[in-house]
Amino acid sequence: MNNSLNTDQRCPTCGAEQFVIGPQGGMALNIKCVGCGAKWWFCPPFEPVAIDNDDQFYTAPPVILRDWMNRKVAEWLRDHA
Ligand SMILES: [Zn+2]
């Protein structure tokens, strides 16, 4: 599979950068592409898995996934300094 989610946080199906963050558990995220609606289990470095859970889980405002991840890393580093 095209691994663009892990390499540059773009949708493997349509190349979009914006996603809605859905359910989270541990290091894993469920995300839904704003461009094409594809949903992914996302847990780098593991290969993303296409999923099809309920749209009701995806109510958050869309984010640019790369920026969202960078912000999470920065928060983690601040909290663990
Ligand atoms: Zn897409």
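The values are calculated or read from the model by the stated rules, or taken from the named source; none is laboratory data. All figures in this text were calculated on a predicted structure; none of them were measured in a lab. Backbone-built Cβ (ideal geometry, glycine too); neighbour counts: all protein chains shown.
Okay, here's what the table says:
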{"quantity": "Members of region 56-81 found to be of a type in the set (Asp, Glu) and loosely packed, with under 10 Cβ neighbours inside 10 Å, listed by number", "calculated": "79"}
{"quantity": "Among the residues listed as 30, 53, the single one being at pLDDT 95 or above, surrounded by 13 or more Cβ atoms within 10 Å (Cβ to Cβ) and over 12 Å from the mean Cα position of the chain (by Cα)", "calculated": "53"}
{"quantity": "Region 11-44, residues that are more than 15 Å from residue 68 (Cβ to Cβ), out of contact with any helix residue (DSSP H, G or I) (no Cβ under 6 Å at 6 or more places or on another chain), within 8 Å of the ligand (Cβ to nearest atom) and of a type outside the set (Ser, Thr, Tyr)", "calculated": "14, 15, 35, 36, 37, 38"}
